[in-house]
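Let me begin by presenting the structure, written as structure tokens, before commenting on it.
The values are calculated or read from the model by the stated rules, or taken from the named source; none is laboratory data. Please read all numbers here as calculations on a predicted model, not as lab measurements. FYI the Cβ positions are ideal-geometry reconstructions off the backbone, even for glycines, and counts take in every protein chain you see.
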Ligand SMILES: [Zn+2]
Ligand SMILES: [Zn+2]
């Protein structure tokens, strides 16, 4: 399994920290989790074509997680190259209405011409695909929001999308090889519906995940020691993501494959601290 964080930020522009998006390659399928603004472009930069994507899983209908669904569906409608591969978009209740409203707003330019588009609204469930499963749980956020877990060949990756502290994210992340959690605001500036570094550490500790990856950093973190807060509760592997931080999960371990294009690390080393801790 290969995992690439395409956007480690939020709706607020920040170099190296773009709106949410995660690419997962599992058992030969190409999956996209969330599609915040610019995800289509960063997917291309990560070496993946939009025409390869099999399934898109949206956590919720906030702009920083789903706006590029518009860009993607519009691009796939352009005559060349021709897409024939079916595409399924999954998300919480309201997905179909969202699509209809967006399609109407853009004068029906999101409708597929050469491929089959399926919209699938999910509740809490486990779906079996070709050699892998996807499990969903409701998160605690200001709008209906799902967290996802991907399991294949004994490996587990869980992704919170946006959430506050809840039992479901601990359940999703239980024993995960990679637990990708949002981390929006410092401890001292907690906002309901989102996590702080200390809360992220507590969830990771409770879930006993093997590797915690934090993402969705608001610029308010500039100069803030995230790592120290996480370490109060969690001593396992920890990565503070930036755009294009990627991971490979093979038969033995998860390891960070490094930033796959030059972005961030040398440009803004202080926001937030990026070095992977190998403890
Ligand atoms: Zn949100
Ligand atoms: Zn968000």
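Is it the case, given these coordinates, that residue 24 is in a strand (DSSP E or B) and within 15 Å of ligand 2 (Cβ to nearest atom)? No.
Criterion applied to 258, 264 was being modelled with pLDDT under 95, surrounded by 18 or more Cβ atoms within 10 Å (Cβ to Cβ) and on the phi > 0 side of the Ramachandran plot, and the one residue passing it is 264.
Checking each residue in the stretch 31-49 for being more than 16 Å from ligand 1 (Cβ to nearest atom), buried (at least 20 other Cβ atoms within 10 Å of the Cβ) and within 22 Å of residue 116 (Cα to Cα) picks out 31, 32, 40, 43.
When 120, 71 are checked against the criterion of being touching a helix residue (DSSP H, G or I) at 6+ places or on another chain (Cβ under 7 Å) and not in a loop (DSSP other than H, G, I, E, B), a single residue qualifies: 71.
Restricting attention to the stretch 231-249, the residues that are within 20 Å of the chain's Cα centre (by Cα) and either in a helix (DSSP H, G or I) or more than 21 Å from residue 16 (Cα to Cα) (or both) add up to 2. Looking at the stretch 175-198, which of its residues are more than 16 Å from ligand 1 (Cβ to nearest atom) and outside any loop (DSSP other than H, G, I, E, B)? Correct list: 178, 179, 187, 188, 189, 197, 198. For the stretch 65-82, the tally of residues that are surrounded by fewer than 20 Cβ atoms within 10 Å (Cβ to Cβ), farther than 18 Å from residue 106 by Cα and in contact (Cβ under 8 Å) with a residue 24 or more places away in the chain stands at 2.
With respect to the conditions (1) assigned to a loop (DSSP other than H, G, I, E, B); (2) surrounded by 14 or more Cβ atoms within 10 Å (Cβ to Cβ); (3) within 15 Å of ligand 1 (Cβ to nearest atom), residue 147 falls short on a single one, namely (1).
Residue selection: residue 136 satisfies the criterion of being more than 16 Å from ligand 2 (Cβ to nearest atom), modelled with pLDDT of 95 or more, under 26 Å from residue 197 (Cβ atoms) and buried (at least 20 other Cβ atoms within 10 Å of the Cβ). Number of residues in the stretch 8-25 that are within 13 Å of ligand 1 (Cβ to nearest atom) and in contact with a strand residue (DSSP E or B) (Cβ under 6 Å, 6 or more places away or on another chain): the value is 2. Would you be able to say whether some residue in the stretch 186-193 is surrounded by 22 or more Cβ atoms within 10 Å (Cβ to Cβ) and more than 18 Å from residue 159 (Cα to Cα)? No, there is no match, as no residue in the stretch 186-193 is surrounded by 22 or more Cβ atoms within 10 Å (Cβ to Cβ) and more than 18 Å from residue 159 (Cα to Cα). Inspect the stretch 109-120 for any residue being surrounded by 12 or more Cβ atoms within 10 Å (Cβ to Cβ), under 20 Å from residue 34 (Cβ atoms), under 16 Å from the mean Cα position of the chain (by Cα) and at pLDDT 95 or above and give the result as yes or no. Scanning the stretch 109-120, I find no residue that is surrounded by 12 or more Cβ atoms within 10 Å (Cβ to Cβ), under 20 Å from residue 34 (Cβ atoms), under 16 Å from the mean Cα position of the chain (by Cα) and at pLDDT 95 or above, so the answer is no. When residues in the stretch 33-49 are screened for being within 16 Å of ligand 2 (Cβ to nearest atom) and free of Cβ contacts under 8 Å to residues at least 40 places away in the same chain, 5 of them pass.
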